[in-house]
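Every number in this text was worked out from the coordinates using simple rules, so none of it is lab data. None of these values were measured; they are calculated from a predicted model. So basically every Cβ, Gly included, is an ideal-geometry build from the backbone, and we count neighbours across all protein chains shown.
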Amino acid sequence: MKRYNKILFGITTTLLIFTLSPTISFAQGPSDGGCDPQETWEQCCARNPADPLCPIDGGVVALLAAGVGYGIKRARGSRQKSEEALVE
């Protein structure tokens, strides 16, 4: 049963990653006040202070989700080790 759960978890995780990664990786298109290729970054940022040049929200959410998943995995592993130590 453990092996079946590991295989099912691996397949589910892989499908989830391949399903969500294209939607996370879309960059924002230029807004109506986009940067001109001839101007410097300073000029563009001074003209559009609230317009981000690339989205960081999707990447931050993905990193947070990975951290939560890793933390849950570690917590389960340490709990199983402590239960096995009590049995022995």
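Of note:
- Computed over neighbours whose Cβ is under 13 Å from that of Ala66, the net charge equals +2, Lys and Arg +1, Asp and Glu -1.
- Extension gain, Thr13 back to Lys81 (0.36 nm per residue minus Cα-Cα distance, nm): 22.1 nm
- Once the chain from Val60 to Asn5 is taken as fully extended at 0.36 nm per residue, the excess over their C-alpha distance is 16.9 nm.
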